[in-house]
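Everything on this sheet refers to the single structure shown next.
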Amino acid sequence: MAPVGETLNFNVGVLGHIDSGKTSLAKALSTTASTAAFDKNPQSRERGITLDLGFSSFSVPIPEHLTGTGYRQLQFTLVDCPGHASLIRTIIGGAQIIDLMMLVIDVTKGMQTQSAECLVIGQIACHKMVVVLNKIDLLPENKRQPAIEKMTKKMQKTLENTKFEGSLIIPVAAKPGGPEASESVQAQGITGLIEVLKSQAYLPQRDPSGPFLMAVDHCFSIKGQGTVMTGTILSGSVNVNDNVEIPALKVTKKVKSMQMFHKPVNGAIQGDRLGICVTQFDPKLLERGLVCTPDSLQTIHAAIISVNKIPYFKGSLNTKAKFHITVGHETVMGKVMFFSLPPPHSKQMESEKGFDFGKEYFYQDCYVTKDTKVLDQDKVGGQQGEEALPTQQWALVEFEKPVTCPKMCLVIGSRLDTDIHSNTCRLAFHGVLLEGVEDKSYAETFLPKLKVFKLKHKEGQVERINDDYSVIGRSLFKKETNIQLFVGLKVRLSTGEDGVIEGSFGQSGKFKIRIPNGLKPDTKQILAVPSKKKSKASKGDPETPKEEEIKQDAQPVLINLTFRRYVFDPQKKMTQS
């Protein structure tokens, strides 16, 4: 498809720990600042930290390796993501629209907790990275070069086991002398960084098809014209006179005019930075949010997602635990339940295009890794080790309040309540939203379609023989259990015979088992001992002591019952495979 206009927009995320100098770097790089650039928040200006996604840009002639693409200039849009830990939601929102990530590291401190979290987000949401070692002016001049080399080696080692192995590492001083220095002080290393960014730029996959979706990061009124929403297009395309929906306000508005970095345009596609002017509404109602093709977003109460644990997360991921779930541009608390295909696990990976309700799934107490303790399924199936690991795992997420998001969007689960000063990664898992549930009463309408089962194992013992083809059992059920529910289920005796539960026997939880192929002679002998002993002892038979020995040696004959119970089956039926 021919480009819209002559400018290729390339989004560069500027991520890093708080105080690593991201905003100073963006300022040093930028010539054109869009409306939302560099902190509109007065309180964040005073505190010197970025509280929002700042956007700014600069343009260069199209680099040699991109000539022939139809574009004449390359515009770098810098997405300055906040480093402050509590604002991770915003970072995750921004990460979904970046083509390349600049990880800013304070050269005097190296990797810090949030730099590691930014690296994790980058690995999930981005393909390319450049590392910027900032604040080199703070290193004593005579030790500067060795210190830079040492930190470069350290960073190369850190990136070794990530998809960013071999990324370029560039030393700069974005604001020599720190925030107090005069504006006339020249930044160091910026020209070199721009050259590196040009060399790393590529033609991003931009798809104008599908529903339009834009992440709005700033909203304001222009007297006599209307309300302007600025943001980045996440998917699809938009044209002047299109109708767009603002889901948060439940209103649809007509696009009156559009601008890209102060230049009027008629159309824009995925990846573009854009200001859209629509008929007047109160901008305070939409500080951040989404705008889209009418009816293209879903508001969901629960979801099925694919799950991958983030290796740096130290805790375990337990079923019934609550996590902060970031979907689209919202973060809400959600309760999770993990499940996978039962073993032996099918080797082909499930498609990320959707979820198969036709299959049966195995309930998990937690997300399974190779360090997870042996699972119930292993106890029953005798499977352990690597082959017992599911090739893919899913989770049912139940949200504490409904969220509005696009289909198939990125999902990140984190523990944002962890102390931000503790040196630990708070991002726990990521995945893709495969199935969203819009029905509020999904527990009745949707969950029964989800065939997730628990493998149950019960053990009782044979009390006595009834006849050659049946025995009476005990200790498998409680006195109040309705044994009728278990009639017809197969059991196996520890002596090897297969049997079927026939019904209850008396009032105390005992039951009768039919053994279709009859009891083995050895089993009859073991089970005959106690009653024989009783009858002989009463006659004072001299052989009693010997019988006593046999009885002590005799192990009780156990009854094993294994069955499946479906977690969401309203009838609570039990089945056996």
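Quick rundown of the values:
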item: ³J(HN,Hα) computed for each position of segment 406-411 - Karplus, 6.51 cos²θ - 1.76 cosθ + 1.60, integer Hz, glycine/proline x; result: x, 6, 6, 8, 5, 10
item: Surface accessible to a 1.4 Å probe, Glu6 within the full protein complex, Å²; result: 100 Å²
item: Residues in segment 553-573 reached by a label modelled at Thr481 [backbone nitrogen below 14 Å; 7 Å Cα→Cβ]; result: 559-565
item: Accessible area of segment 187-305 divided out per residue, in Å², using a probe of 1.4 angstrom; result: 43 Å²
item: Distance between segment 128-156 and segment 481-520 - C-alpha centres, whole angstrom; result: 74 Å
item: Efficiency of FRET from Cβ geometry, Lys490 and Asp207, R₀ 35 Å, rounded to 0.05; result: 0.05
item: Gly16 long-range amide H proximity, modeled H, under 5 Å; result: Val104
item: For Val491, distant residues with modelled amide H under 5 Å away; result: Gly499, Val500, Ile501
item: Sequence-distant residues sharing a close amide H with Ala302 (under 5 Å, placed H); result: Phe399, Val437
item: Table column - 3J(HN,Hα) (Hz), segment 449-456, Karplus curve with 6.51, -1.76, 1.60, x for Gly and Pro; result: 6, 8, 8, 9, 10, 9, 8, 9
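The values are calculated or read from the model by the stated rules, or taken from the named source; none is laboratory data. A quick note: this is a predicted structure, and the numbers were derived from the prediction, not measured. Neighbour counts run over all protein chains shown; Cβ positions are idealised from the backbone, glycine included. Ligands, DNA and RNA are excluded from the accessible area calculation, which covers all protein heavy atoms including side chains. Shrake-Rupley method; radii C 1.70, N 1.55, O 1.52, S 1.80 Å.
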